[in-house]
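**Student:** One structure is given below, represented as structure tokens, and several questions about it will come after.
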């Protein structure tokens, strides 16, 4: 292989990935399903990070009287365009006409944000997806000039329909996907930090430290999380970070077991003893010599914890104890689907987005497990 | 090649391996582990397959019964004729009839080759029932007689024992009993004594030799230890790099080796003599009445009922430029004593290092002392962190003990240390897995040397290495000692290595000193039966009379 010759010639420079990590990456790629899932997930996730540029009720760029405006980032009061509201409603035909006569504006592909109420829904909300309508006349019936109205465009159609408050389902799934993944990622990362630290301390020091902390964890994990959430919801205002904090209180326990086991196993390795004999401090030994051992087990575990976090958030939203009302949430979408059985697109959209997201993550998790499988890495 | 001195080889040999090759495929790359090996084993003949680790001897042995990991392993060509049947082409069912019946194997590691969850009665019985050579009613009495034949006392009482209740030697005896259960024609012994103490090794070899004639079987003996070969084998095949380079009767090979590699192997014994004993040299490390007792706790309240006295009141003195060797069987407390003196485990008693009492210091207070007090461990594969480059491993101690050094100065120190142990400094950016066992042990020594210590505790530093590499490491240690006036505490069960390095020797047994004196005194005129038994086992592979040593 190319890298082995390179190391012998130029010892000072090492390849980006150490040989063992190159091997792991090969194993990851060998799992075709996981590899493709990773790419699809990354594309979806990066697109959803820029959701404001894909689905929004504000134009991306506006040129007005020679001035370039960015309504996505800056909130311009309406008096700038001759109105009187504190926030400009760019869907208002009067504002649109004012801007079009004095310049131009570029709209995102979908002209709804997750909380935009479509005032021109073709039927009563929930309205069915645009592709289920037979003619443009039906779709644009509510517009002032019907089919000839300038707002009768593809961007203003609800491609996945609307929910019972006439909000665009596509925009809501897009934003909901983003918030679910972000919530899962942040919760998993924070739980990993807390859980790995706790597991490391227990495994490394063992004895009474381990015994006492294990008992505390047993008591801690027997607290019913849902009831705590109900009580907290009554006391604290619901919100992304509050919810994250409460879930973090309980989710870190999942990591302790494996990390503790890895540290218990590895603390008597001879190279750990050798480091002790050199006088290396406990903290350095834990970070430099033991943590890499535990990382393999933790990384393998990570995608599954991530999935668990997302599922929990969705189910809390479904029950109504999750994110504050009005937030884009997949769980709330499913709840609407349950309450509006005459509008199956609500339930279907939520179901498909959630199942695709979870499946992709599980496939990636399987490939990660393959990648770190020591029998495949060293065999 | 001929084993002509044996009368029975005139007939067709029992086992005939013809032009055997073994390939291992991994990630698209194919390596040839065994390349065109041919040898014969006649009836009632013992053939030894000798070579260093990685020479392909175990792979050859395992391919006879097709016990390799297929399909990662494959045989491009070769025939294995046993009893008129080519095992290479034999179907699985036929192979299973041969395995454990006509041909049996004993493995190196008695700790892991027995199932820890089954009693020995069940494990031996399984083989008997599988091949149905003994009627069900007689299975139990047959097991007892087998155990008696392999020298397990009170065989009937030991039947319900589990592997963890037996010593290493006893476990290996049980393994042998299992191998003999169906009176095989050929016994393959793959390094059967390597994991055992020298004294136990001598007993096991004596047992195998006796059983061979009693059961009228042939033996294929795989080992890296030439002394054993000389003792037990009729014929020797010397292997290196997957090829047999020399075959012949044992006496011919030892007295008149033809091939370069055989000569190299025979010359590989650790040589040289330790520095002269100098009682006037300053004392570096002194331990008075060192005790390490592990409590045995019982009952609900975990009350301490007794102690395991791993080290029980030992006095030692190590002087600058001198080596104190500590010898004894496994479990005698050698390593525990070494760890206690280097303050890696807690102990009682006064430990004086460089004039300072370090016996009661905390881990934190010990840190400045660690610069002068270094340790080299037994297993070079385990003692280097696999995720750090060689430079990082060696520099780790410098970061703690010489934090004022600049990056360039630290790198320079690493380069000097690597040169001192005879490694190319250019290799310092590589990772441990790219090095051989001997090179790794040199790296471990460099890690200790870079701090310019005064005292090094060497815990069996050569026992995981091949014989020829052992000799090199011993030479290196002796040179370093002379150059830096180092004090060594050398722990080993290998008396040959101790003789080459130590000028004072402590013989330990069950945590107590059996004999303590100058090396000449101990080696040339041992006083106690235990020391005599150790010497006989190590230098002549003679088993001691019952009761003197462990079994």
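The values are calculated or read from the model by the stated rules, or taken from the named source; none is laboratory data. Predicted model only: the values in this text are computed from it and were never measured. All Cβ positions, glycine included, derive from the backbone under ideal geometry; neighbour counts span all protein chains shown.
**Student:** Inside the stretch B:422-434, can you point out the residues that are outside any helix (DSSP H, G or I) and in contact (Cβ under 8 Å) with a residue 40 or more places away in the chain? Walk me through it before giving the result.
**Tutor:** At the first step, the residues of the stretch B:422-434 found to be outside any helix (DSSP H, G or I) are B:422-424, B:430-431.
Within the stretch B:422-434, B:422, B:430, B:431 qualify.
**Student:** Now, a different point. Which is closer than 25 Å to residue B:281 by Cβ and out of contact with any strand residue (DSSP E or B) (no Cβ under 8 Å at 6 or more places or on another chain), of B:454, B:483?
**Tutor:** Just a single option satisfies the conditions, and that option is B:483.
**Student:** Give the residue that is nearest to the other protein chains (Cβ to nearest Cβ), with candidates limited to residues of the stretch B:437-464 that are surrounded by fewer than 24 Cβ atoms within 10 Å (Cβ to Cβ) and in a loop (DSSP other than H, G, I, E, B).
**Tutor:** B:451
**Student:** When you scan the stretch A:277-303, how many residues do you find that are surrounded by fewer than 17 Cβ atoms within 10 Å (Cβ to Cβ), more than 10 Å from every other protein chain (Cβ to nearest Cβ) and over 14 Å from residue A:263 (Cα atoms)?
**Tutor:** Going through the stretch A:277-303 one residue at a time, the tally reaches 1.
**Student:** Scanning for something at pLDDT 90 or above and over 16 Å from the mean Cα position of the chain (by Cα), does the stretch A:303-314 turn up at least one residue?
**Tutor:** Within the stretch A:303-314 (the criterion being at pLDDT 90 or above and over 16 Å from the mean Cα position of the chain (by Cα)), the answer is no, since none of the residues qualifies.
For (1) modelled with pLDDT of 85 or more; (2) in contact with a helix residue (DSSP H, G or I) (Cβ under 8 Å, 6 or more places away or on another chain); (3) not assigned by TED's automatic domain parsing to the domain that holds residue A:355, each residue gets a yes or a no:
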residue	(1), (2), (3)
A:20	no, yes, yes
A:32	yes, no, yes
A:37	yes, yes, yes
A:49	yes, yes, yes
A:71	yes, no, yes
A:80	no, no, yes
A:84	no, yes, yes
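**Student:** Please go through the stretch B:390-409 and give me each residue that is more than 8 Å from every other protein chain (Cβ to nearest Cβ) and either surrounded by 19 or more Cβ atoms within 10 Å (Cβ to Cβ) or in contact with a strand residue (DSSP E or B) (Cβ under 9 Å, 6 or more places away or on another chain) (or both), ordered by number.
**Tutor:** Once the filter is applied, which keeps residues that are more than 8 Å from every other protein chain (Cβ to nearest Cβ) and either surrounded by 19 or more Cβ atoms within 10 Å (Cβ to Cβ) or in contact with a strand residue (DSSP E or B) (Cβ under 9 Å, 6 or more places away or on another chain) (or both), the stretch B:390-409 yields B:390, B:391, B:393, B:394, B:395, B:398.
**Student:** Here's something else I'd like to know. Those residues that are buried (at least 24 other Cβ atoms within 10 Å of the Cβ) and within 28 Å of the chain's Cα centre (by Cα), I need them from the stretch B:337-356; list them, please.
**Tutor:** Result: B:337, B:340, B:341, B:342.
**Student:** Now for a separate question. Can you pull out the strands (runs of 3 or more DSSP E) entirely within the stretch B:153-249 that have at least 2 residues that are out of contact with any strand residue (DSSP E or B) (no Cβ under 7 Å at 6 or more places or on another chain), without any contact (Cβ under 8 Å) to a residue 60 or more places away in the chain and crowded, with 23+ Cβ neighbours inside 10 Å?
**Tutor:** Values: elements: B:186-190, B:218-223, B:235-240, B:243-249.
Result: empty, no element qualifies.
**Student:** Of all residues in the stretch B:304-330, which are in contact with a helix residue (DSSP H, G or I) (Cβ under 9 Å, 6 or more places away or on another chain) and more than 23 Å from residue B:455 (Cβ to Cβ)?
**Tutor:** B:329, B:330
**Student:** Hey, which of the helices (runs of 4 or more DSSP H) in the stretch A:30-139, taking only ones fully inside, have at least 1 residues that are surrounded by 15 or more Cβ atoms within 10 Å (Cβ to Cβ) and within 21 Å of the chain's Cα centre (by Cα)?
**Tutor:** So the answer is A:32-49, A:51-54.
**Student:** Which pairs turn up if I take residues in the stretch A:16-31 that are farther than 17 Å from residue A:300 by Cα and more than 10 Å from chain B (Cβ to nearest Cβ) and look for partners that are at pLDDT 70 or above and assigned to a helix (DSSP H, G or I) with beta carbon separation below 7 Å, at least 6 apart in sequence or on another chain?
**Tutor:** What qualifies is A:17/A:25.
**Student:** Can you tell me which condition residue B:419 does not meet? The list is (1) within 13 Å of chain A (Cβ to nearest Cβ); (2) free of Cβ contacts under 8 Å to residues at least 24 places away in the same chain; (3) touching a helix residue (DSSP H, G or I) at 6+ places or on another chain (Cβ under 8 Å), and all the others hold.
**Tutor:** So residue B:419 meets the others, but not (1).
**Student:** Hey, among A:217, A:212, A:186, which residue is in a helix (DSSP H, G or I), touching a helix residue (DSSP H, G or I) at 6+ places or on another chain (Cβ under 7 Å), without any contact (Cβ under 8 Å) to a residue 40 or more places away in the chain and in the same structural domain as residue A:254 (by TED's automatic domain parsing)? Before the answer, list the steps.
**Tutor:** Numbers: A:212 fails: touching a helix residue (DSSP H, G or I) at 6+ places or on another chain (Cβ under 7 Å); A:186 fails: without any contact (Cβ under 8 Å) to a residue 40 or more places away in the chain.
Result: A:217 is the single residue among A:217, A:212, A:186 that is in a helix (DSSP H, G or I), touching a helix residue (DSSP H, G or I) at 6+ places or on another chain (Cβ under 7 Å), without any contact (Cβ under 8 Å) to a residue 40 or more places away in the chain and in the same structural domain as residue A:254 (by TED's automatic domain parsing).
**Student:** Out of the helices (runs of 4 or more DSSP H) lying entirely within the stretch A:258-344, which hold 2 or more residues that are touching a residue at least 40 places away in the same chain (Cβ under 8 Å)?
**Tutor:** On the way: elements: A:270-277, A:291-319, A:330-339.
Passing ranges, in order: A:291-319, A:330-339.
**Student:** Let me ask something else. Of the conditions (1) crowded, with 22+ Cβ neighbours inside 10 Å; (2) more than 30 Å from residue A:204 (Cα to Cα), residue A:260 satisfies every one except a single condition; which number is it?
**Tutor:** Every listed condition holds for residue A:260 apart from (2).
**Student:** Right, next: Only one residue in B:80, B:143 is modelled with pLDDT of 90 or more, part of a strand (DSSP E or B) and buried (at least 20 other Cβ atoms within 10 Å of the Cβ), so which one is that?
**Tutor:** Testing whether each residue is modelled with pLDDT of 90 or more, part of a strand (DSSP E or B) and buried (at least 20 other Cβ atoms within 10 Å of the Cβ) leaves just B:80.
**Student:** Then there's this: Has the stretch B:55-70 got at least one residue that is part of a strand (DSSP E or B), touching a residue at least 60 places away in the same chain (Cβ under 8 Å) and in contact with a strand residue (DSSP E or B) (Cβ under 9 Å, 6 or more places away or on another chain)?
**Tutor:** no
**Student:** Also: Does residue A:277 count as assigned by TED's automatic domain parsing to the domain that holds residue A:213 and in contact with a strand residue (DSSP E or B) (Cβ under 7 Å, 6 or more places away or on another chain)?
**Tutor:** The answer is yes for residue A:277.
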